[in-house]
Amino acid sequence: MNLFKSELRRLMRRRLSLIFGILAVVGLLVLSGVYWFSSSQGPSEEDLAWAQGEADEMNGEHAECIGDPAFFDSPEWEWVHEDSAFEDMSHEDRCMNFVGSGDYTYTAQDFLYVYTFTFADESPMTLIGVAIVAGLIMMLLASSAIGAEWSSGGMANLLVWHPNRMRVWGAKLAAACTVCAAAVVGLLVLAFGLLYLTAVVRGSVGTLDSAWWEDNLEMLGRAVILSLGMTVLGASLAMLGRHTAIAGGIIAGYLIIGDMLVRFAAMALQMKFPDRLSLYTWVGAWIDGKIELHDWSDVNAMQPDVMVITASEAGLLLGGIILGLTLLATLAFQRRDVA
Amino acid sequence: MSPIIEISGLRKSYSRAFRQPHNALDGLDLEVAAGQVHGFLGPNGSGKTTTLRALLGLIRVDGGTMRIFDQEVPHRLPDVVSQIGAVVESPQFFKHFSGRLTLQLLAESAGVSKARVEEVLEQVGLKDAAKASVKGYSLGMRQRLAVAQALLKQPQLLILDEPANGLDPAGIHHMRELLQWLAHSEGVTVVVSSHLLSEVQQLCDSMTIVSRGRRIVDGKVADIIAGHGESSLTVRFPDAASLPEAADALKEAAATAPEADVSAVVDRDRLVVKGAAEAAWVTKALADAGIYLSELRAETKNLESVFLELTGTAPVPGETVQIGQSVEVPAPAAAAAPATTGDETIEVQAEGAER
C-alpha cells in the first residue's frame, strides 16, 4: 500500500501531469466556449429587425425591377444588353436572375442563422470524445512515467528498495489506472457541467429521460474502460521498450501509418469487410455497442453482406491485445537485467 | 560469526552477436565480515558493479550462490532488503524532483518516517539544497543524495559503488568519517567499491581484489599490503649514463653475496632495486664499483603498487593498458596454486589473507 501511495504521488508530482492536466481543462473550457458563443435560444429583437430589413430590401428591389420596364436601361445594367447570353431573355426573367428569385418572397427567416445547442442530442458524443482524448493523454502520461523512470535510472533505484518486481509493476500499473480513472471521470464531470450550463443559458437541455441516461451511461462507461485500457497499453509498451519514445513511436506509428498499411493490405487481398482489420472499427464497435460492416463485392446482389461486430466481441479483441502486451511487459520486466 | 555477505562461484556472462560470450563473472567468491568497511577493488571491467548488481537482484546470474545476512539472494532478498542500503554506479534520479521529494517518495514507499529524511539530509550535508531540483545538482551533490537514500533505512549493510565519485576533498573526508563511524560505532557493515586506492587504504579494514570476474586476493588491507608488493629502493646518479653500469655492478655483487635475489632495473632516470636486505649493501656495492650515487630512497609499500602488481595492470612505458588486460586468475579449484601472468608469478592467496 505504501508503494502504491508513493507511486501515486510520484505520478501526480510529475511536471507532465500538471501540464497535461492544465491542457485538458483549458481544452474543455475552449470547447464549452465554442458551444457557448455559437449557440443561442433565438434571435434578438435587433437581429430580427435587421433580417426583416434585408428581406424587405430584396423584395422591394425585385418589385421595382418588375414594375419598371426601363430598369435595365440604366448605366449600371447597360452590359446586360451587350451580352448575347441575355439577348432573348424576357424582362421578368432578367429581374428574377439579377435582383430576386421570381415568385419567391423573402422573409426575415432567410437572413437569420440560429444554432441552438441541445444538450440531450449533442453532449453524448462530445463526452465520449472527451473520454477518448483523456485516455490518449493518460496513455502518453503512463508511458512517459515508466519510460522516464528507466532512462533516468530511477527504476534501478526503486528496485534496490523493492526487489519484488511484480509488486513494483503492480503498484505502477495500479497508480496509473487510478490516476487515469480519476482524471477521466473528473474531466467528464467537468465537461458535463460546462455543457449543461451552456445548454441552460445559451441553448436547450432537451429530454433527459431514463432511456437517455441508460444509453449514454453505458456508452460512457465503456469509454472510461477504453481509456483505462489505453493507459495500461501505454505503460506496457514503455515497460517493454524501456523508453518513452519507443512507446510513443509504436502508438503514433500505428495511428499514422499502421492503420493505413492494414487497409492497403486488405485491399490487395481483396478480402470481404476490409474494415474489420482496422482497430478503429473495433474501437467504434466497443463505444457504440455495435457496428455493422457492409460488403458490396457481389455486384449482382440486391442487398450487401453484413457483418455485425458487437461490443462484447470488440471488448474481447481489444482486451486481448492489451492483456497480451501487458503479459509480455510483465515477463520482460521480471526476467530482464536492469542495466 | 557467519559473514554478512557470502558469495561463492558466481558466474555471469553476456552474449554478444557473432562473438564469444563475455564472462563478466567467472566463479567469483567474496566474503564480507560484520562491522567492517570492506573495499571491493578491481580494474575496469573486472566485474565489481556486476557483482553488486547481482547481490541486489538487479541482474540474473548464470551460476553460483549469494547469501546476505545468511539468507539466499535474490530469492530471499525481499526479506533482508530493509536492512540494506545501496548505491550502484553513478547516482541517477528523476531530475525535476527536488532532493527532499526524491527521498520522501522512497521513504514513503518503504514506510520510513519523514523525520528520517531530514536526518539523512543533515547527515550528508544537503539540508540547504534539499528544496532545489536535482537537475541543478552537481555530481558531488547527487552523490551525497545517493548516499542519503542509502542511509534512509538505517541499514545494517551499506553497499556503495564509488561513493567518493565527484566529491570535493572536504566531501571525501566527511564521507570517510561517516562510513567509519557507521561501521565502527554503529556496527554497520560497509562495502565500498572504488578506484581511489589511497582512499580505500585509509577507509577500509578489509578488502577483496578481483580481476576478470574472479577473486585475486582478500583479507585485511594492512596484511595484503604487507604480504605483497616487494619493497624497493630508488637510486639516482649525477649522470644518467651511469645507470646501466650501476645495474650491472649490482647484479655482479649480488651473484657473490647472500642477496642473490636482487634485481636492478633501469626506469627512465632512476634505478629500481628490489630484494636488497639493506640500503647500505647497495651503497657499498656501487662504491666498490667506483660508482657514486646522488640519491637513495626507500619506496614505501602502498595499496596502489600492490593493486597494480596483483592485477597485472602496472603501466609499461610507451604502452597503454587496455580494458580487460588485467591478470587472469585460475579457476577457484586451483586457487591455491600460483597464477602465472606473462613473465611474473604471483600468489593467488595473500599471505596475510584471513582464510
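The values are calculated or read from the model by the stated rules, or taken from the named source; none is laboratory data. No experiment lies behind these values; they were computed from the predicted model shown. A quick note on method: Cβ atoms are made from the backbone with ideal geometry, for glycine too, and the neighbour counts reach across all protein chains shown.
Restrict the check to segment B:68-76 and report whether at least one residue is in contact (Cβ under 8 Å) with a residue 12 or more places away in the chain, closer than 26 Å to B:Lys220 by Cβ, crowded, with 24+ Cβ neighbours inside 10 Å and within 17 Å of the chain's Cα centre (by Cα). No, segment B:68-76 contains no residue that is in contact (Cβ under 8 Å) with a residue 12 or more places away in the chain, closer than 26 Å to B:Lys220 by Cβ, crowded, with 24+ Cβ neighbours inside 10 Å and within 17 Å of the chain's Cα centre (by Cα).
Within segment A:114-121, can one find any residue that is in contact with a helix residue (DSSP H, G or I) (Cβ under 9 Å, 6 or more places away or on another chain), surrounded by 18 or more Cβ atoms within 10 Å (Cβ to Cβ) and among the small types (Gly, Ala, Ser)?
Step one: of segment A:114-121, the residues in contact with a helix residue (DSSP H, G or I) (Cβ under 9 Å, 6 or more places away or on another chain) are A:114-120.
Filter once more, so that each one left must be surrounded by 18 or more Cβ atoms within 10 Å (Cβ to Cβ): A:117, A:119.
Restricting the remaining residues to those that are among the small types (Gly, Ala, Ser) gives none.
Scanning segment A:114-121 turns up no residue that is in contact with a helix residue (DSSP H, G or I) (Cβ under 9 Å, 6 or more places away or on another chain), surrounded by 18 or more Cβ atoms within 10 Å (Cβ to Cβ) and among the small types (Gly, Ala, Ser).
State whether the residues of segment A:144-160 include one that is in contact with a Phe, Trp or Tyr (Cβ under 8 Å, 6 or more places away or on another chain), of a type in the set (A, V, I, L, M) and either in a helix (DSSP H, G or I) or over 23 Å from A:Gly229 (Cα atoms) (or both).
Of the residues in segment A:144-160, the ones in contact with a Phe, Trp or Tyr (Cβ under 8 Å, 6 or more places away or on another chain) are A:148-149, A:152-154, A:157.
Okay, now just the ones that are also of a type in the set (A, V, I, L, M), so A:148.
Right, trim to either in a helix (DSSP H, G or I) or over 23 Å from A:Gly229 (Cα atoms) (or both) and you get A:148.
So far as segment A:144-160 goes, yes, one or more of its residues are in contact with a Phe, Trp or Tyr (Cβ under 8 Å, 6 or more places away or on another chain), of a type in the set (A, V, I, L, M) and either in a helix (DSSP H, G or I) or over 23 Å from A:Gly229 (Cα atoms) (or both).
Those residues that are at negative phi, at pLDDT 85 or above and small (Gly, Ala, Ser), I need them from segment B:9-23; list them, please. Residue satisfying the conditions is B:Ser13 alone.
Applying the criterion of at least 2 residues that are within 14 Å of another protein chain (Cβ to nearest Cβ) and touching a residue at least 60 places away in the same chain (Cβ under 8 Å) to the helices (runs of 4 or more DSSP H) found wholly in segment A:1-113 leaves A:2-12, A:15-38. When segment B:125-145 is filtered for residues that are within 14 Å of chain A (Cβ to nearest Cβ) and in a helix (DSSP H, G or I), the ones remaining, listed by number, are B:Val134, B:Lys135, B:Leu139, B:Arg142, B:Gln143, B:Leu145.
Of all residues in segment B:70-106, count the ones that are over 24 Å from B:Glu119 (Cβ atoms) and aromatic (Phe, Trp, Tyr). Full working, then the answer.
Within segment B:70-106, the first condition is being over 24 Å from B:Glu119 (Cβ atoms), and the residues that meet it are B:70-79, B:89-90, B:95-96.
Going one step further and asking which of them are aromatic (Phe, Trp, Tyr), we end up with none.
Of the residues in segment B:70-106, 0 are over 24 Å from B:Glu119 (Cβ atoms) and aromatic (Phe, Trp, Tyr).
For segment A:271-278, the criterion of a residue being surrounded by 13 or more Cβ atoms within 10 Å (Cβ to Cβ), farther than 30 Å from A:Trp169 by Cα and among the aliphatic types (A, V, I, L, M) is satisfied by at least one position. Residues in segment B:39-80 that are part of a loop (DSSP other than H, G, I, E, B), touching a strand residue (DSSP E or B) at 6+ places or on another chain (Cβ under 6 Å) and at pLDDT 90 or above: B:Leu56, B:Val61, B:Asp62. If you filter segment A:43-83 down to residues that are of a type in the set (S, T, N, Q) and exposed (fewer than 12 other Cβ atoms within 10 Å of the Cβ), you find that the one that is farthest from A:Asn97 (Cα to Cα) is A:Ser44. Looking across segment B:41-90 at every residue that is charged (D, E, K, R) and more than 9 Å from every other protein chain (Cβ to nearest Cβ), the one that is nearest to B:Ile5 (Cα to Cα) is identified as B:Arg67.
Any residue at all in segment B:130-143 that's under 24 Å from B:Gln36 (Cα atoms), touching a Pro at 6+ places or on another chain (Cβ under 9 Å) and surrounded by 15 or more Cβ atoms within 10 Å (Cβ to Cβ)? Yes, segment B:130-143 contains at least one residue that is under 24 Å from B:Gln36 (Cα atoms), touching a Pro at 6+ places or on another chain (Cβ under 9 Å) and surrounded by 15 or more Cβ atoms within 10 Å (Cβ to Cβ). Taking segment B:91-124 as the range and being more than 7 Å from every other protein chain (Cβ to nearest Cβ), assigned to a loop (DSSP other than H, G, I, E, B) and surrounded by fewer than 17 Cβ atoms within 10 Å (Cβ to Cβ) as the test, only B:Ser113 passes. So, B:Leu203, is that one surrounded by 24 or more Cβ atoms within 10 Å (Cβ to Cβ) and either closer than 19 Å to B:Ser90 by Cα or at pLDDT 85 or above (or both) or not? Here the answer is yes, as B:Leu203 does meet what is asked. Cβ-Cβ distances below 7 Å connect the following pairs, each with a first residue in segment A:311-339 that is within 14 Å of chain B (Cβ to nearest Cβ), a second residue that is part of a loop (DSSP other than H, G, I, E, B) and basic (Lys, Arg), and a separation of six or more residues or different chains: A:Asp337/B:Arg60. The set of residues from segment A:84-119 being within 22 Å of A:Trp50 (Cα to Cα), at pLDDT 80 or above and not β-branched (Val, Ile, Thr) comprises A:Tyr106, A:Ala108, A:Gln109, A:Asp110, A:Phe111, A:Leu112, A:Tyr113, A:Tyr115. Taken together, the residues in segment B:173-200 that are over 9 Å from the mean Cα position of the chain (by Cα) and in contact (Cβ under 8 Å) with a residue 40 or more places away in the chain amount to 12. Hey, any hits in segment A:235-245 for a residue that's free of Cβ contacts under 8 Å to residues at least 60 places away in the same chain, surrounded by fewer than 19 Cβ atoms within 10 Å (Cβ to Cβ) and of a type outside the set (S, T, N, Q)? There is no residue in segment A:235-245 that is free of Cβ contacts under 8 Å to residues at least 60 places away in the same chain, surrounded by fewer than 19 Cβ atoms within 10 Å (Cβ to Cβ) and of a type outside the set (S, T, N, Q). Answer yes or no: is there a residue in segment A:115-131 that is out of contact with any Phe, Trp or Tyr (no Cβ under 9 Å at 6 or more places or on another chain), in contact (Cβ under 8 Å) with a residue 40 or more places away in the chain and small (Gly, Ala, Ser). Yes, because at least one residue in segment A:115-131 is out of contact with any Phe, Trp or Tyr (no Cβ under 9 Å at 6 or more places or on another chain), in contact (Cβ under 8 Å) with a residue 40 or more places away in the chain and small (Gly, Ala, Ser). Taking the numbered list (1) under 30 Å from B:Gln36 (Cα atoms); (2) in contact with a Leu (Cβ under 8 Å, 6 or more places away or on another chain); (3) in a helix (DSSP H, G or I); (4) of a type outside the set (Lys, Arg) in turn, B:Val191 passes all entries but (3). Considering only segment B:145-181, how many residues are more than 23 Å from B:Pro3 (Cα to Cα), of a type in the set (A, V, I, L, M) and in contact with a helix residue (DSSP H, G or I) (Cβ under 8 Å, 6 or more places away or on another chain)? The number of residues fulfilling the criteria is 8.
For segment B:146-178, filtering for residues that are in a helix (DSSP H, G or I) and either within 14 Å of another protein chain (Cβ to nearest Cβ) or not basic (Lys, Arg) (or both) leaves 15.
Condition test on B:Asp218, is it under 28 Å from B:Glu304 (Cα atoms), in a strand (DSSP E or B) and among the charged types (D, E, K, R)? The answer is yes for B:Asp218. Of the helices (runs of 4 or more DSSP H) lying entirely inside segment A:236-290, those containing at least 1 residues that are closer than 30 Å to A:Ser151 by Cα and touching a Ser or Thr at 6+ places or on another chain (Cβ under 7 Å) span A:244-253, A:259-269.
Only residues that are within 11 Å of chain A (Cβ to nearest Cβ) and in contact with a Pro (Cβ under 8 Å, 6 or more places away or on another chain): list them for segment B:21-40, please. Show your work before the answer.
Pass one, segment B:21-40, residues within 11 Å of chain A (Cβ to nearest Cβ): B:24.
Residues satisfying the conditions do not exist here.
Taking the stated definitions as given, is B:Asp29 among the acidic types (Asp, Glu), in contact with a Ser or Thr (Cβ under 6 Å, 6 or more places away or on another chain), surrounded by fewer than 24 Cβ atoms within 10 Å (Cβ to Cβ) and on the phi < 0 side of the Ramachandran plot? Spelling it out, B:Asp29 is indeed among the acidic types (Asp, Glu), in contact with a Ser or Thr (Cβ under 6 Å, 6 or more places away or on another chain), surrounded by fewer than 24 Cβ atoms within 10 Å (Cβ to Cβ) and on the phi < 0 side of the Ramachandran plot. For segment A:184-213, name all the residues that are within 18 Å of A:Ala131 (Cα to Cα) and buried (at least 17 other Cβ atoms within 10 Å of the Cβ). Within segment A:184-213, A:Val184, A:Leu187, A:Leu188, A:Ala191, A:Leu194, A:Leu195 qualify.
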